[in-house]
Amino acid sequence: MRWSLIGALSAMLLAQPVTAATYQPNGPIERRYAADGPWATTTIVSNGACDREGNVCDIWYPSNLGANPLKRMADGFRHPVIVFANGTADTVPADKNAYFLRHLASWGFIVIRSRDGSTGQGDTVADAAKYLLGLSRDPQSVFYGKVDADNIGLAGHSQGAATATLLFSRNDTLFKTYVPIETPLRVVCVVANCTIDLGALPQVTRGSIFYVGGDADVISSLPTNLGYYTPTSDAVDKVMGMIALGGHTEIEGSPDCAPGGIPGSCNIGVYPLLGYPTAWFMWKLQGAADGPAAFGADGELAHASPEWLGVLSNVRPR
């Protein structure tokens, strides 16, 4: 079934024109967060399974845990967490999306993802978060006492983006904010068991969400993202933005698109995903003061054309 889904998606992507593109961050907020943060990073693999399906987890984290150069703290800082939900795959290699995930860690986050390629209803995603929380309570772990359990965010790509939106729609109490990247058509999720109940989105009362799509991505087009953004409750902060010329797999760039991929699937590389998603997590999980200036209805992202299109926001001035 999974290979049938991949084949169908590949056929859709092959129908798209191949367009090479370059990307430059627009405003000062995006430029700040598109650059690497002040933390050096380390990457490890879990000792054994981290989820109910027996997958291992990859973890990217600040090498000097407990320090915060932004606050001039040498110790005592508890790091927020970002869990990542993968897109559909039979196997998830260790280096998949690694450039993007390491970038987040350079801004002080502990980033963890299970190598599950079928995140569906989100069980293995929650397992990964709970695995890290368990390490934070283990005196023998490098993460002991270093995790901010009250500030956990969830990012996801493709099927993983649908998983993130699904958990958001359920008012999940584990995650505080969400960044779904290239959330697919609902028909895709009928196959992948990640269907989002649109009727639940107006009932959301907690969290916040930043929908990211690509205007060259037929799987996560402007109408598809509008279909999720529009019914989402105004009781929470919600933002939507479409990457101009963005294909479905820009997030896999390292940082450029890999040669020989599906034509039209990656046109730019990971560059447009470094700045604003990082800024969102910095605002929502680390309390960065520039969040409203970046994401307000008249904020920097709203004026980021031609690189970003279709921007919508209900974020009010703070």
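No value in this document is a laboratory result; all are computed from the given coordinates. None of these values were measured; they are calculated from a predicted model. No Cβ is skipped: glycine too gets one built from the backbone with ideal geometry, and neighbour counts run over all protein chains shown.
Before moving on, here are some points about what is shown:
- Local electrostatic count, residue 261, Cβ distance below 12 Å [Lys/Arg +1, Asp/Glu -1]: -3
- Amide hydrogen neighbours beyond the local backbone of residue 269, cut-off 5 Å, H modeled: 257
- Near the amide H of residue 68, within less than 5 Å, lie the amide hydrogens of 73, 74, 75, all on another chain or at least 5 residues away, with H placed in the peptide plane.
- From its DSSP helices (H runs of at least four residues, each -39,500 (n - 2.57)), the chain gives a residue-normalised ellipticity at 222 nm of -7500 deg cm²/dmol.
- Two-decimal log10 I(q)/I(0) for the chain, as the Debye equation yields it once each C-alpha is a single scatterer, q = 0.13, 0.14, 0.16 Å⁻¹: -0.88, -1.04, -1.41
- Candidates 74, 43, 304 compared by Cα position along the dipole of the chain: farthest toward the positive end lies 74, with charges placed on Cβ.
- Relative contact order, whole percent, for the chain stands at 19, derived from Cα pairs under 8 Å and 6 or more residues apart.
- Rounded to whole Hz, the Karplus (6.51, -1.76, 1.60) HN-Hα couplings of the range 177-191, x for glycine and proline: 8, 9, 10, x, 10, 6, 5, x, 3, 5, 4, 4, 6, 4, 6
- Cross-link partners of residue 146 among lysines (Cα-Cα below 29 Å; sequence separation of 8 or more within a chain): 71, 96, 130, 176, 284
- For the range 196-211, 3J(HN,Hα) computed residue by residue from phi via the Karplus equation (6.51, -1.76, 1.60; θ = phi - 60°) reads 8, 7, 4, x, 7, 4, x, 9, 5, 10, 9, x, 7, 8, 10, 7 Hz, glycine and proline entered as x.
- The charge dipole of the chain, taken about the Cα centre with unit charges on the Cβ atoms of Lys, Arg (+1) and Asp, Glu (-1), comes to about 620 debye, rounded to the nearest 20.
- The string of couplings for the range 155-162 from the Karplus curve (6.51, -1.76, 1.60, θ = phi - 60°) is 10, x, 10, 6, 3, x, 5, 5 Hz, one whole number per residue in order, with x for Gly and Pro.
- Note on the range 245-318 and the range 45-109: Cα centroid distance 20 Å, given to the nearest whole angstrom.
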